[in-house]
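Down below is the structure, laid out as structure tokens.
Coordinate-derived values only; no laboratory data. Computed from a prediction, not measured in an experiment: that's the story for all the values here. Virtual Cβ from ideal backbone geometry, glycine too; neighbours counted across all protein chains shown.
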């Protein structure tokens, strides 16, 4: 089972401008294997933030497409969106401390997503290797290598 970081989930959105061979392969993999995928409630927050930025810029067509996609995604994954528990919050605090001790300042969002993967025993799928490595969690970049079934 896999926990998707916001950066790789957003590649599947209709407003993503990226369209390389690797991105298309990832999108196909997600369509076929969506029953194996989870994501954090933090990802909903980050996606909503992006949506609000589009609305504020007046990008009505893009924001409408993203809003519909987010609704469908939330509906499809409703039982696989992981809330932030006390255990996850504690683990995120430990991860953040270790990263800062190493001289890297990842955001709390990254720490919470990494902690969710650790606590839930899910393989993290993320393109944000720098921060995830600093947080002490391994991740798989799906553009470089697709997850296994």
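When region 83-105 is filtered for residues that are under 20 Å from residue 7 (Cβ atoms), surrounded by fewer than 21 Cβ atoms within 10 Å (Cβ to Cβ) and free of Cβ contacts under 8 Å to residues at least 40 places away in the same chain, the ones remaining, listed by number, are 104, 105. Among the residues examined, residue 80 does not qualify as exposed (fewer than 14 other Cβ atoms within 10 Å of the Cβ) and either free of Cβ contacts under 8 Å to residues at least 40 places away in the same chain or under 25 Å from residue 35 (Cα atoms) (or both).
Picking from residues in region 12-28 that are assigned to a helix (DSSP H, G or I) and surrounded by fewer than 20 Cβ atoms within 10 Å (Cβ to Cβ), the one that is farthest from the chain's Cα centre (by Cα) is 21. Each residue in region 104-119 was checked for being in contact with a helix residue (DSSP H, G or I) (Cβ under 6 Å, 6 or more places away or on another chain) and part of a helix (DSSP H, G or I), and 10 pass. Entry remark, region 120-149: residues being closer than 13 Å to residue 39 by Cα and either out of contact with any strand residue (DSSP E or B) (no Cβ under 9 Å at 6 or more places or on another chain) or part of a helix (DSSP H, G or I) (or both) number 2 in total. Of the residues making up region 29-72, those that are touching a residue at least 60 places away in the same chain (Cβ under 8 Å), assigned to a helix (DSSP H, G or I) and under 25 Å from residue 86 (Cα atoms) are 36, 42, 43, 45, 46.
Pick from region 1-11 the residues that are part of a helix (DSSP H, G or I) and touching a strand residue (DSSP E or B) at 6+ places or on another chain (Cβ under 7 Å): which of them is surrounded by the most Cβ atoms within 10 Å (Cβ to Cβ)? If we take residues in region 1-11 being part of a helix (DSSP H, G or I) and touching a strand residue (DSSP E or B) at 6+ places or on another chain (Cβ under 7 Å), then 8 is surrounded by the most Cβ atoms within 10 Å (Cβ to Cβ).
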